[in-house]
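Okay, structure first, notes after.
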Amino acid sequence: MLQGDTIAAVATAPGEGGVAIIRISGPDAGKVLQGCFCARENPVSLPRRMVYGRFVRRRETVDLGLAVYLPGPGSFTGEDTAELYCHGGQAATRRVLEAALEAGARMAQRGEFSRRAFLNGRMDLTQAEAVMDMVAARTDRAAAQALAQLRGRLGREITQMADELLDLIAMIEVTCDYPEEDIEQEQVDVWVERLRRTQRRLEQLLATAQGGRVLREGVRCALVGRPNVGKSSLMNALMGEERAIVTPVAGTTRDTVEAQADLDGLCVTLIDTAGIRETKDPVEALGVARSRQALEEADLVLVVLDASEGVTEADRAILAQTEGMPRLVVANKCDLAGAAPAGCEDALALSAKTGQGLDGLIKAMADLCGAGKVQPGEAVLTQTRHRDAVRRAGLAVGEACEALEAGYPLDMATGGLRAAWRALGEVTGGTVDEDVIDRIFEKFCLGK
């Protein structure tokens, strides 16, 4: 991948649309723009102003549209940039892109625009990752979380802690340069207190990792139970539409049925399963086998009971099977029974028919998977690599504190602090390896 050349790619989704955007970035962006766009006014001499004209390839007009020139460093990538706005059909978009490529640009690789923005200091690595999180967000809460990270909320928190560690390293190393001077215990106590404060902040940040991940990725939730307890009715109630077939006949659901729902900002893939029971029907048996597989693969399990019938032996078998899993026990049909069934008083009582208790169930689901602990706009860890780096930083800070408190040589403390500083730098990209950067940006789409 060359950083000194000029790249181009379609920045909008493929398919038919009103407008397609082609992005150009690099030192020759202005030259490429002038080579594929003709207008009465030169857009390069009118930066940040939309100009109407013709897109041309080999002197042939291929489309009509708008173009704008954005000189660096005040652009997304930090380089000279141009954007072409053409008609959104597949043929029109391809013809305009080919015109830009023939005018001197090369086809961009996946994530190359965002990578250039990162390398040019326009954003840190957490913000670059937030670009794709924003694109992939399926709920308002996921989009709000991605936006907070895109604005640098997480990056600022990490950078502040890293800077504090670096300041403390400098203080301790200056002291090491003058070994003839005694170190006051009060000074060591101040250092330890500062480190303990940083350690607590790292622990608080680490506690957001699970919720941040599920907000970004969503969760898979399996509805399990014996036949005819109301699993399909509950799925329909959560979906707000008739997604699964409901009849009074036990065993109506013969296969797993999946659908996505936005439950108070959490993207949940609901999996309605066949009733789990012993059966000689080969078709139903296959559905039961798939139910058990869905149970094993789920992030969250709703065990549905029939409150009007009480807890049966079949219910107890399913409760035993799901013991230890992240689960909620739901007592459906409380409109008929009035309470949770005897033997499972801690179950959430609700009625899929009337909607009673659904809000409480949705809140309990968010709390169980960690999303309920995430507050809007706060710094949140959303990636596995974030969690790993912050965990290592916290351990290293703790070891440095113990070394200072035990009176060990100061260089033993600074070694741990440097390890913590490097770990935090991995989150924002300051100390991350090149192969990690490659893996991050290769997951991006073209044009981003």
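Could you pull out which residues in the stretch 113-137 have an amide N less than 19 Å from a spot 7 Å beyond the Cα of R156, following the Cα-Cβ vector? In the stretch 113-137, the label zone of R156 (backbone N under 19 Å from the point 7 Å along Cα→Cβ) covers 121-131.
The residues M50, M123, M161, sorted by heavy-atom accessible surface at 1.4 Å with ligands and nucleic acids left out, run M50, M123, M161 from largest to smallest.
At a Förster distance of 45 Å, what's the computed FRET efficiency of D346 paired with E184, Cβ-Cβ distance as r, to 0.05? For R0 = 45 Å, the calculated efficiency reads 0.20. Restricting attention to the chain, lysine pairs at least eight places apart or on different chains and with alpha-carbon atoms under 16 angstrom apart total 4.
D80 contributes an accessible area of around 40 Å² to the protein surface, as traced by a 1.4 Å probe with all chains present.
Taking the DSSP bridge list for the chain and keeping only pairs wholly inside it, about 65 percent are antiparallel. Summarising the amide proton neighbourhood of R327: residues at separation of 5 or more, or on other chains, whose placed amide H is nearer than 5 Å comprise V301. Note on exposure: T81, T159 ranked by accessible area (1.4 Å probe, complete protein assembly) read T159, T81, with the most exposed listed first. Estimated from the Cβ-Cβ distance and a Förster radius of 35 angstrom, the FRET efficiency linking E60 and N120 is about 0.50. Extension gain for A317-V436 works out to 38.3 nm (0.36 nm per residue, less the C-alpha to C-alpha distance).
Computed from the Cβ-Cβ distance with R0 of 22 Å, the FRET efficiency linking C38 to R106 stands at 0.50. Near D140: Cβ cut-off under 11 Å, other residues only, Lys/Arg at +1 and Asp/Glu at -1. The net charge is 0. Taking label positions 7 Å along the Cα-Cβ direction at both Q204 and D411, the computed distance is 3.6 nm, reported to one decimal.
Here is how the number arises for the chain: DSSP H runs of 4 or more residues each give -39500 (n - 2.57), the sum is divided by the residue count, and the result at 222 nm is -14500 deg cm²/dmol. Heavy-atom accessible area for M325, with the other protein chains in place and a 1.4 Å probe, reaches approximately 60 Å². Between E378 and R94, the modelled labels are 5.0 nm apart [label points 7 Å from Cα along Cα→Cβ]. The gain in end-to-end length when the D5 to M50 segment is fully stretched comes to 13.8 nm, 0.36 nm per residue minus the alpha carbon separation.
Placing dummy labels 7 Å off each Cα toward the beta-carbon, the span from E164 to A136 is 3.1 nm.
Per-residue SASA remark: R153, around 80 Å² accessible (1.4 Å probe; ligands, DNA and RNA not included). Matching the structure-derived mean projected area of the Cα convex hull in nm² against the labelled list (1) 29.6; (2) 23.3; (3) 19.3 gives the label (1). Full extension of the chain segment joining E258 with R196 gains 17.7 nm, where the gain is 0.36 nm per residue of separation less the Cα-Cα distance.
The values are calculated or read from the model by the stated rules, or taken from the named source; none is laboratory data. Remember, it's a predicted structure, so these values are computed and weren't measured experimentally. So basically every Cβ, Gly included, is an ideal-geometry build from the backbone, and we count neighbours across all protein chains shown. Side chains are part of the model used for accessible areas, which takes the heavy atoms of the whole protein and leaves out ligands, DNA and RNA. Shrake-Rupley method; radii C 1.70, N 1.55, O 1.52, S 1.80 Å.
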